[in-house]
1. So how far apart, in nm, are the two label points at residue 57 and residue 69 if each is 7 Å from Cα heading toward Cβ?
2. Test of understanding: what is the full-extension gain from residue 93 to residue 205, defined as 0.36 nm times their sequence separation minus their Cα-Cα distance?
Amino acid sequence: MSPDAATLGLFALAALALLLVPGPAVFYIVARSVEQGRSAGLLSVLGVHLGSLVHVTAAAVGLSSLLVSSAVAFSVVKYAGAAYLIYLGVRAFIAREEPGEVEVRAAPLRTLLREGAVVNILNPKTALFFLAFLPQFVDPDAGYVALQLAFLGVVFVALGLVTDSLYALAAGSAGEWLRSSRFYVGARRWVSGTVFIGLGLATALAGSRQKS
């Protein structure tokens, strides 16, 4: 059910190389960390990778194949994810600040976990990634293909928890300095809103999926 040591090592190196390149989930985590601190960032990391586990499960049971083969399904997921990111941005824009407020009150645990998970679940690129990347390290002759995919997916998620947590900690530390600036306190909702709306538009305007 698990690859040999050489294959697993190669997979880990490839996964780390991909994880260290920032994508929509990383930018979401960084925005949360800067806005609300390291704890909120780490909770967002956990939420994002709960979403990753959904994609791993889908890849293992073959649902990702349906997503890739159906242009309609792909478009629905793509635009739903874009709409959710834009919604987060608009909500940040219209949030009211109390005069003189300098402390950022973190969103509830449930909210951070839910938003992180939804951001990643509604990212069709994540589903496509798992479908395209994980099978490269699966040995079909060994059998138990679904279990091999699940094992590799869990390894990828574990590595992602580490790398994304480093982003959250670094951004959270920078956020402490930024939040001490009265200028940033007044502008942070515009910063966060712009980041989320930008991510949503980038998702919506991404190149159309190539048909086979």
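1. With each label point 7 Å from Cα toward Cβ, the separation is 2.2 nm.
2. Computed gain between residue 93 and residue 205 is 38.2 nm.
FYI, it's all coordinate maths here, none of it is from the lab. Quick caveat, the model's predicted, so the values are computed rather than measured. Note that each Cβ is placed from the backbone with ideal geometry, even for glycine, and that neighbours are counted across all protein chains shown.
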